[in-house]
1. Taking every DSSP beta bridge that has both residues in the stretch 41-188, what percent is antiparallel when rounded to the nearest 5?
2. If each DSSP helix of 4+ residues adds -39,500 (n - 2.57) and the sum is divided by the residues in the chain, what number results at 222 nm, nearest 500 deg cm²/dmol?
3. Equivalent ellipsoid semi-axes for the stretch 12-82, as square roots of 5 times the alpha carbon gyration tensor eigenvalues: give them largest first, rounded to whole Å.
4. How long are the semi-axes of the equivalent ellipsoid of the stretch 238-318, defined as square roots of 5 times the Cα gyration tensor eigenvalues? Whole Å, largest first.
5. At 0.36 nm per residue, minus the direct Cα-Cα distance, what do Thr345 and Glu172 gain on full extension? Give it in nm, one decimal, please.
6. Rounding to the nearest 10 and keeping the result within 0 to 90°, find how far the Cα-based axis of helix 204-215 lies from the longest principal axis of the chain.
7. Based on C-alpha coordinates, I'd like the Rg and Dmax of the stretch 227-384, in Å.
8. How long are the three semi-axes of the equivalent ellipsoid for the stretch 45-156, computed from the Cα gyration tensor as the root of 5 times each eigenvalue, in whole Å, largest first?
Amino acid sequence: MTTMKSISYKNIASPKGFKATGIHCGIKHKKKDLALLVSEVPASVAGVFTTNAIQGAPLIVTKEVVQKTGKMQAIIINSGIANSCTGKQGIIDAYTMQEKTAEKLGIEPNLVGVASTGVIGEMMKMDSLIAGIQKLNPIDELEGAIGFAQAIMTTDTVTKNTSYKTIIDGKEVIIAGTAKGSGMIEPNMATMLGFISTDANIESNHLQEALKSITDITFNSITVDGDTSTNDMVIVMANGLAENNTLTPEHLDWANFVQTLHAVSQDLAKMIAKDGEGSTKLIEVEVQGAVTDAEARIVAKKVVGSPLVKTAIFGADANWGRIIAAVGYSGAKLDPYAITIYIGTTKVVENGEPVPFSEEDLFIYLKQHEVKIIVELHQGDGEGIAWGCDLTYDYVQINATYRS
């Protein structure tokens with residue numbers, strides 16, 4: 001039985017020993033654009049990264065820290081420029097960010113991760129960044145966490161924060177997370193950066209195992225527009241200051257820890273989907289009765305990612321034909337005469353055939369800010385959920401003028 005509870009103060013620095021901050025350093029015109037998360041002691045680290053073959057320079061640096069050092073004490077993040085497709089100079093700049101941050105904090109460079117988000121193909125404003133790093137003063141108060149969340153945003157309209165506490169070996173353990181992401185969210189992860197802090201005591205290899213076990217059903221189950229960014233990453237830092245016995249899969253509270261990490265990750269994933277560029281609605285698609293869970297998630301993502309489904313939801317049009325069409329081209333094993341579909345609690349298709357329903361009632365339902373679609377395939381026991389958003393006029397406007 002889990003002892004997990006949500007915490008009202010959504011603070012990336014709420015686990016013991018973490019501090020955060022965010023400032024304006026000059027990459028953007030006015031908004032905050034440089035953030036820092038730091039632990040009092042080196043923390044075990046885990047990470048998942050974009051599947052795009054083109055990867056930003058910061059990913060190369062941060063992957064080295066995750067995969068070779070296995071420990072991370074700080075991560076420096078800028079928004080506004082992605083430092084992607086910037087050649088050899090981009091790599092040099094990413095390492096410079098790492099080195100200058102390490103100097104500022106008095107720690108080894110291989111304990112510092114780097115993340116960047118923003119426009120691809122622009123060179124970094126290194127003078128502004130280096131000067132900004134010297135001005136960073138992380139704190140363990142809410143003000144620092146708010147600044148951190150604001151400084152990593154690009155086209156996001158809101159900050160994205162969550163935190164939970166649980167009990168492990170009688171010790172209170174906190175897991176907190178902050179993310180950014182609004183567009184380019186497909187097929188795995190997003191134009192997203194996710195940072196999770198915890199004071200749990202766990203080695204890096206087991207932390208990586210826990211993160212991987214929940215990635216497919218959280219961060220890899222969201223979609224906004226069918227694009228995959230070059231800079232996506234989720235980083236988890238665990239500094240052990242809760243002083244629980246070291247967590248392993250054999251630990252009696254292992255499931256408790258994984259469930260709490262899952263809750264944090266799912267919250268962040270849903271916040272990203274809900275804040276899709278120009279969106280007005282969060283769409284959740286639940287698929288039941290697929291051959292496998294993996295196939296169920298594929299179908300769910302095809303439905304929630306369909307531009308025609310997304311525009312129908314935007315227009316509050318109960319056009320279930322678009323839903324069943326997306327199911328059909330998903331590639332999953334199915335019987336067209338065994339499919340049942342619900343929009344909200346209203347059944348619109350049964351055994352592949354239309355069911356009478358009230359267009360007026362569904363119009364009212366589809367005007368809500370959260371919409372749920374259920375697809376029953378009746379092919380097995382596989383289940384999966386995906387999240388996305390509607391497709392609006394504003395999405396086109398935002399992305400038509402992104403560099404303006």
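Nothing in this text is a laboratory measurement; each read-out follows from the coordinates by a stated rule. Fair warning: this is a prediction, and the values are worked out from it, not measured in the lab. When we count neighbours, we look across all protein chains shown, and the Cβ atoms used for this are built from the backbone with ideal geometry, even at glycine.
1. DSSP beta bridges in the stretch 41-188 are roughly 60 percent antiparallel.
2. -9500 deg cm²/dmol
3. Equivalent-ellipsoid dimensions as semi-axes: 22, 20, 8 Å.
4. Semi-axes, largest first: 35, 18, 8 Å.
5. So the chain would gain 58.4 nm between Thr345 and Glu172.
6. Long axis of 204-215 versus the principal axis of the chain: about 30 degrees.
7. Rg and Dmax of the stretch 227-384, Cα atoms, are 18.8, 59 Å.
8. 20, 17, 15
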